[in-house]
Amino acid sequence: MSTAPSRPASTPRLSARLITLMGALFALGVAQGALVYLQRSPVLEAQVADTDGWAVHAVLAVVVAVVALAVAIRRRRLGRRGSALLLPVGEKAARRVRLTVRQRPRPWWRLGAAVLPTILLLYGPIRAGEQIIAGLDPNFTVNAWGGPGYLGAMACHYLDTLVMMAVAAWLLDRILLPDRACTAADRSVD
(Lines give C-alpha, C1' and ligand atoms only; values in the text may rest on other atoms or scores of the structure.)
Protein backbone atom coordinates (compact mmCIF):
# COMPACT_ATOMS: atom_id res chain seq x y z
CA MET A 1 0.00 0.00 0.00
CA SER A 2 1.47 3.33 -1.04
CA THR A 3 0.71 6.66 0.45
CA ALA A 4 0.69 9.94 -1.38
CA PRO A 5 3.54 12.25 -0.44
CA SER A 6 2.37 14.89 1.98
CA ARG A 7 2.78 18.57 1.26
CA PRO A 8 5.37 20.21 3.54
CA ALA A 9 3.67 22.51 6.03
CA SER A 10 5.64 25.50 4.81
CA THR A 11 4.60 25.16 1.15
CA PRO A 12 1.90 27.75 0.45
CA ARG A 13 -1.45 26.45 -0.78
CA LEU A 14 -2.97 28.30 -3.70
CA SER A 15 -6.42 29.84 -3.50
CA ALA A 16 -8.67 28.52 -6.27
CA ARG A 17 -10.66 31.77 -6.21
CA LEU A 18 -7.62 34.00 -6.53
CA ILE A 19 -6.08 31.82 -9.25
CA THR A 20 -9.41 31.90 -11.13
CA LEU A 21 -9.62 35.68 -10.74
CA MET A 22 -6.07 36.20 -12.03
CA GLY A 23 -6.70 33.80 -14.93
CA ALA A 24 -9.90 35.63 -15.86
CA LEU A 25 -8.09 38.98 -15.75
CA PHE A 26 -5.32 37.57 -17.95
CA ALA A 27 -7.95 36.32 -20.45
CA LEU A 28 -9.56 39.76 -20.37
CA GLY A 29 -6.16 41.25 -21.23
CA VAL A 30 -5.70 38.83 -24.13
CA ALA A 31 -9.15 39.83 -25.44
CA GLN A 32 -8.29 43.50 -25.03
CA GLY A 33 -5.03 42.93 -26.91
CA ALA A 34 -6.94 41.22 -29.71
CA LEU A 35 -9.21 44.28 -30.01
CA VAL A 36 -6.17 46.56 -30.15
CA TYR A 37 -4.64 44.35 -32.82
CA LEU A 38 -7.85 44.27 -34.89
CA GLN A 39 -7.94 48.09 -34.87
CA ARG A 40 -4.31 48.42 -36.00
CA SER A 41 -3.34 50.96 -38.61
CA PRO A 42 -1.93 49.84 -41.97
CA VAL A 43 0.42 52.85 -41.83
CA LEU A 44 3.65 52.00 -40.05
CA GLU A 45 4.88 54.54 -37.51
CA ALA A 46 8.50 55.67 -37.60
CA GLN A 47 10.70 54.74 -34.68
CA VAL A 48 11.60 57.69 -32.47
CA ALA A 49 15.14 57.65 -31.14
CA ASP A 50 15.68 56.88 -27.43
CA THR A 51 12.22 55.42 -26.82
CA ASP A 52 13.44 51.87 -26.29
CA GLY A 53 14.32 52.21 -22.57
CA TRP A 54 16.88 49.41 -22.60
CA ALA A 55 19.27 51.13 -20.18
CA VAL A 56 16.54 51.62 -17.57
CA HIS A 57 15.40 48.04 -17.94
CA ALA A 58 18.94 46.65 -17.70
CA VAL A 59 19.35 48.38 -14.32
CA LEU A 60 15.84 47.30 -13.27
CA ALA A 61 16.60 43.69 -14.24
CA VAL A 62 19.74 43.70 -12.07
CA VAL A 63 17.84 45.18 -9.12
CA VAL A 64 15.05 42.62 -9.53
CA ALA A 65 17.58 39.77 -9.69
CA VAL A 66 19.34 40.96 -6.51
CA VAL A 67 16.06 41.39 -4.62
CA ALA A 68 14.76 38.01 -5.82
CA LEU A 69 17.98 36.32 -4.71
CA ALA A 70 17.82 38.01 -1.30
CA VAL A 71 14.19 36.95 -0.83
CA ALA A 72 14.96 33.37 -1.88
CA ILE A 73 17.93 33.15 0.51
CA ARG A 74 15.89 34.61 3.39
CA ARG A 75 12.97 32.28 2.75
CA ARG A 76 15.28 29.27 2.58
CA ARG A 77 17.02 30.21 5.86
CA LEU A 78 13.63 30.52 7.54
CA GLY A 79 12.51 27.15 6.18
CA ARG A 80 9.96 28.49 3.72
CA ARG A 81 9.25 26.49 0.59
CA GLY A 82 7.56 27.35 -2.64
CA SER A 83 7.78 30.43 -4.77
CA ALA A 84 7.33 33.83 -3.18
CA LEU A 85 5.73 34.88 -6.49
CA LEU A 86 2.71 32.73 -5.67
CA LEU A 87 2.08 34.21 -2.22
CA PRO A 88 -0.42 36.85 -3.47
CA VAL A 89 -2.66 34.05 -4.80
CA GLY A 90 -2.28 31.75 -1.81
CA GLU A 91 -4.89 30.63 0.71
CA LYS A 92 -3.19 32.74 3.36
CA ALA A 93 -3.60 35.88 1.23
CA ALA A 94 -7.27 35.02 0.65
CA ARG A 95 -7.84 34.58 4.40
CA ARG A 96 -6.14 37.91 5.14
CA VAL A 97 -8.36 39.71 2.61
CA ARG A 98 -11.48 38.14 4.17
CA LEU A 99 -10.33 39.03 7.69
CA THR A 100 -9.67 42.64 6.73
CA VAL A 101 -12.98 43.09 4.90
CA ARG A 102 -15.10 41.35 7.55
CA GLN A 103 -13.52 42.90 10.64
CA ARG A 104 -15.88 44.78 12.95
CA PRO A 105 -15.54 47.68 13.35
CA ARG A 106 -14.37 48.06 9.78
CA PRO A 107 -10.76 49.13 9.44
CA TRP A 108 -11.56 51.93 6.97
CA TRP A 109 -8.01 53.17 6.81
CA ARG A 110 -6.82 49.67 5.85
CA LEU A 111 -9.48 49.29 3.18
CA GLY A 112 -8.73 52.76 1.79
CA ALA A 113 -4.97 52.15 1.81
CA ALA A 114 -5.46 48.80 0.04
CA VAL A 115 -7.37 50.22 -2.93
CA LEU A 116 -4.42 51.39 -5.07
CA PRO A 117 -2.17 48.35 -4.45
CA THR A 118 -5.14 46.06 -5.15
CA ILE A 119 -5.85 47.84 -8.45
CA LEU A 120 -2.19 47.55 -9.45
CA LEU A 121 -2.04 43.86 -8.48
CA LEU A 122 -5.21 43.11 -10.47
CA TYR A 123 -4.10 45.21 -13.45
CA GLY A 124 -0.91 43.15 -13.85
CA PRO A 125 -2.53 40.09 -15.48
CA ILE A 126 -4.60 42.32 -17.77
CA ARG A 127 -1.48 44.15 -18.93
CA ALA A 128 0.45 40.91 -19.39
CA GLY A 129 -2.38 39.37 -21.40
CA GLU A 130 -2.80 42.43 -23.61
CA GLN A 131 0.84 42.32 -24.67
CA ILE A 132 0.52 38.87 -26.21
CA ILE A 133 -1.69 39.79 -29.16
CA ALA A 134 -1.51 43.59 -29.27
CA GLY A 135 2.28 43.26 -29.48
CA LEU A 136 1.91 41.60 -32.87
CA ASP A 137 1.00 45.04 -34.25
CA PRO A 138 4.32 46.66 -35.26
CA ASN A 139 2.94 50.07 -34.26
CA PHE A 140 2.24 48.76 -30.75
CA THR A 141 5.92 47.94 -30.18
CA VAL A 142 7.84 50.33 -32.45
CA ASN A 143 8.25 53.02 -29.78
CA ALA A 144 7.61 50.83 -26.75
CA TRP A 145 10.18 50.23 -24.06
CA GLY A 146 12.12 47.26 -25.36
CA GLY A 147 10.92 47.94 -28.91
CA PRO A 148 10.87 48.02 -31.77
CA GLY A 149 10.61 44.22 -31.72
CA TYR A 150 7.94 41.98 -30.20
CA LEU A 151 10.21 39.99 -27.86
CA GLY A 152 12.06 43.02 -26.52
CA ALA A 153 8.84 44.90 -25.85
CA MET A 154 7.37 41.81 -24.16
CA ALA A 155 10.44 41.37 -21.96
CA CYS A 156 10.42 44.99 -20.81
CA HIS A 157 6.65 45.16 -20.28
CA TYR A 158 6.63 41.86 -18.37
CA LEU A 159 9.52 43.08 -16.20
CA ASP A 160 7.59 46.29 -15.45
CA THR A 161 4.46 44.26 -14.67
CA LEU A 162 6.37 41.92 -12.36
CA VAL A 163 7.85 44.85 -10.42
CA MET A 164 4.48 46.62 -10.23
CA MET A 165 2.74 43.48 -8.93
CA ALA A 166 5.53 42.67 -6.46
CA VAL A 167 5.44 46.17 -4.96
CA ALA A 168 1.63 46.03 -4.78
CA ALA A 169 1.75 42.62 -3.07
CA TRP A 170 4.37 43.88 -0.60
CA LEU A 171 2.21 46.90 0.24
CA LEU A 172 -0.87 44.71 0.69
CA ASP A 173 1.14 42.45 3.00
CA ARG A 174 1.79 45.47 5.19
CA ILE A 175 -1.81 46.78 5.02
CA LEU A 176 -3.99 43.66 5.42
CA LEU A 177 -4.70 42.21 8.85
CA PRO A 178 -2.42 39.33 9.77
CA ASP A 179 -3.77 35.80 9.39
CA ARG A 180 -4.76 34.61 12.85
CA ALA A 181 -3.74 31.07 11.92
CA CYS A 182 -0.16 32.21 11.36
CA THR A 183 2.50 33.23 13.80
CA ALA A 184 4.16 36.63 13.79
CA ALA A 185 7.28 34.99 12.34
CA ASP A 186 5.28 33.62 9.40
CA ARG A 187 3.86 37.05 8.61
CA SER A 188 7.30 38.66 8.55
CA VAL A 189 8.49 36.08 6.02
CA ASP A 190 5.55 36.12 3.67
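The values are calculated or read from the model by the stated rules, or taken from the named source; none is laboratory data. Treat the numbers as computed from the prediction; the structure is a model and nothing was measured. Ideal geometry is used to build each Cβ from the backbone, glycine not excepted, and the neighbour counts take in all protein chains shown. The accessibility values were calculated without ligands, DNA or RNA, using every heavy atom of the protein model including side chains. Shrake-Rupley method; radii C 1.70, N 1.55, O 1.52, S 1.80 Å.
The table below gives the values:
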| quantity | calculated |
| --- | --- |
| Surface/4 estimate of mean projected area, convex hull on alpha-carbon atoms of the chain, nm² | 14.8 |
| Magnitude of the charge dipole, the chain, Cβ model with Lys/Arg +1 and Asp/Glu -1, debye to 20 | 1580 |
| Accessible surface of H157 - all protein chains present, 1.4 Å probe, nearest 10 Å² | 30 |
| DSSP H segments from the chain that extend 27 Å or more along their own axis, Cα-based, with Kyte-Doolittle mean of 1.0 or above | 16-38, 54-77, 150-175 |
| Extended-chain gain in nm, criterion 0.36 nm per residue less alpha-carbon gap, Y123 and Q32 | 31.5 nm |
| For the range 63-144: rounded, prolate or oblate by the Cα gyration tensor [a/c cutoff 1.5] | oblate |
| Computed FRET value (nearest 0.05) for L111 with L136, which takes r as the C-beta separation and R₀ as 30 Å | 0.15 |
| Approximate spin-label separation V167-R77, in nm, with each point projected 7 Å along Cα-to-Cβ | 2.6 |
| Residue-level accessible surface for R106, protein heavy atoms, 1.4 Å, Å² | 80 |
| Estimated inter-spin distance, V59 and L99, nm [label 7 Å along Cα→Cβ] | 3.9 |
| Amide H contacts of L14 (H built 1.01 Å from N, under 5 Å, at least 5 apart or other chain) | E91 |
| Dipole of the chain, positive direction: furthest Cα of G147, V89, V67, with charges on the beta-carbon | V89 |
